[in-house]
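*Asks:* Here it is, the structure, as structure tokens.
The values are calculated or read from the model by the stated rules, or taken from the named source; none is laboratory data. Every value quoted in this text rests on a predicted model; they were computed, and no experiment measured them. Here Cβ is always computed from backbone atoms with ideal geometry, including for glycine, and neighbour counts include all displayed protein chains. SASA here: full protein model, heavy atoms, side chains in, ligands and nucleic acids out. Shrake-Rupley method; radii C 1.70, N 1.55, O 1.52, S 1.80 Å.
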Amino acid sequence: MAEAGRPVHLPAMRWLSMVFLFALLAAAALAGDKTGIEGTIVISPAHGGPTRQGAPDTRPLPETEFVVRQGEKEVATFRTDAHGHFRVSLGAGHYSIVKKERGAVGSFGPFEVDVAAGKMKSVQWECDSGIR
């Protein structure tokens, strides 16, 4: 037991074990932010009728919510931004992504993706607007 006013010294091995544990926890926390998927979702055709010269056939799919499933279990949701971009942190594994609110027209997944530990998987997915 330490005397009042004197610091308590941990044995060197115990101190090193605590430092090592802290480093592992910090690395795991940082890796969690770097594991998942990111990318852009576009929709095509972007307009009805024939292809128009000088007009793109695809456009970003803005402000749209998607559900991430692993098997039958919903594990996350994400929303595309105004430019169709998104980023979602996920653990390593196989996932299926589909639009949250299904409409009567168009096809918005499912998109299948495999995520590796410590990696952000970049994707670009194209949805079918159903316009013909």
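*Asks:* Filter segment 50-94 down to the residues that are surrounded by 14 or more Cβ atoms within 10 Å (Cβ to Cβ), under 22 Å from S107 (Cβ atoms) and hydroxyl-bearing (S, T, Y) and list them by number.
*Replies:* Answer for segment 50-94, where residues must be surrounded by 14 or more Cβ atoms within 10 Å (Cβ to Cβ), under 22 Å from S107 (Cβ atoms) and hydroxyl-bearing (S, T, Y): T58, T64, T80.
*Asks:* Quickly run through segment 31-45 and pick out the residues that are open to solvent by 30 Å² or more (accessible area, probe 1.4 Å), farther than 16 Å from V123 by Cα and touching a strand residue (DSSP E or B) at 6+ places or on another chain (Cβ under 9 Å).
*Replies:* Within segment 31-45, G32, D33, P45 qualify.
*Asks:* On to the next question. Step by step: first the residues of segment 95-109, then only those that are assigned to a loop (DSSP other than H, G, I, E, B) and surrounded by 12 or more Cβ atoms within 10 Å (Cβ to Cβ), then the one that is farthest from the chain's Cα centre (by Cα). Which residue is that?
*Replies:* G106
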